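Trainee: Once you've had a glance at the structure underneath, I'll fire off some questions.
Every number in this text was worked out from the coordinates using simple rules, so none of it is lab data. Everything numeric here is computed off the predicted structure, so don't read it as measured data. Don't worry about glycine lacking a Cβ; one is built from the backbone with ideal geometry, like all the others, and counts go over all protein chains shown.
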């Protein structure tokens, strides 16, 4: 099984296909398995790297380094070790924060950013993070069982919701430290300085992160685009995979000239 030792932890990753590089980042507490509905399509003409970021999935669960800076540093090391040539970085939920910060901090390593239902400034302005954190400490399983169904649009398979809860329960508790950082995070002041192309993909029925968030971020970011996936909630790549894959490919095609220009 492919593992990589970086920054005093061990990451699990998979690397398949050939062509322009894509790096896929999952959301809080889940794993790279959430991209299963994308891999068969994307690996036809892309080199696709998926990774369980620290604390999640099949990667190690370190006590330290569970910060945005820590995860971004791990991604820098991963890109270097695998010799990825300026991958387009696709991040779901908090993975979109990591992707955006990678583009801001290391634009020379990043070909493009695709933010999928990224929280951006919303946790610091519109989410009850203190209440959520307290609930996770008091009753982790019960809190997740009540919270995770809200991530999905009505009519989503209960099996998918249950699978997501199980993944999060299997991840380490130290990833909860990300909530403290999210409570103070607001990328809006620096988005106008983003030097790599970015596109926002968002579920129309996302009740966790409202559409006003990607709209506000796209308006601040030069050349940014926004695509909305109908009848999808917070995880459109799982809920509406065919529509998501088409929107992702369209976004990649749209950004390709800008990505080449910044190389």
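Trainee: Relative contact order (percent) for the chain, with alpha-carbon contacts under 8 angstrom and 6 or more residues of separation?
Mentor: Value for the chain: 20 percent.
Trainee: For a label point 7 angstrom out from the Cα of residue 67 toward its Cβ, which stretches of the stretch 179-214 have the backbone nitrogen within less than 14 Å?
Mentor: 179-185
Trainee: Packing-wise, with mean Cβ within 10 Å as the measure, how do 239-250, 134-145 rank, highest first?
Mentor: Output ranking for 239-250, 134-145: 239-250, 134-145.
Trainee: I'd like the FRET efficiency for residue 163 and residue 204, computed as 1/(1 + (r/R0)^6) with the beta carbon distance as r and R0 of 30 Å, rounded to 0.05.
Mentor: 0.85
Trainee: For residue 256 and residue 105, what does the FRET efficiency come to when R0 = 30 Å and r is the distance between their Cβ atoms, rounded to the nearest 0.05?
Mentor: 0.85
Trainee: Label the stretch 219-260 by shape, choosing from rounded, prolate and oblate, from the square roots a ≥ b ≥ c of the eigenvalues of the Cα gyration tensor; if a/c is under 1.5 it is rounded, and otherwise prolate applies when a/b is larger than b/c, oblate when it is not.
Mentor: Oblate, since a/c reaches 1.5 and b/c is not below a/b.
Trainee: Still on this structure: Evaluate the distance, in nm, between pseudo-label points positioned 7 Å from the Cα of residue 129 and of residue 43 along their respective Cα→Cβ axes.
Mentor: Output for this residue pair reads 3.6 nm.
Trainee: Now for a separate question. Run lengths n ≥ 4 of DSSP H only: what is the helix-derived mean residue ellipticity at 222 nm for the chain, with -39500 (n - 2.57) per run over all residues, to the nearest 500?
Mentor: The helix-only estimate for the chain comes to -12000 deg cm²/dmol at 222 nm.
Trainee: Right, another one. When the Debye formula is applied to the Cα atoms of the chain, each taken as the same point scatterer, what base-10 log of I(q)/I(0) results at q = 0.14, 0.17 Å⁻¹?
Mentor: For the chain, the Cα-only Debye profile gives -0.92, -1.46.
Trainee: Under 8 Å for C-alpha pairs, at least 6 residues apart: give me the relative contact order for the stretch 144-263, rounded to a whole percent.
Mentor: Computed over the stretch 144-263, the figure is 28 percent.
Trainee: Students often get this wrong: which residues of the stretch 24-58 have the backbone nitrogen under 13 Å from the point 7 angstrom along Cα-to-C-beta of residue 249?
Mentor: Once the point is set 7 Å along Cα→Cβ of residue 249, 38-46 turn out to lie under 13 Å by backbone N, inside the stretch 24-58.
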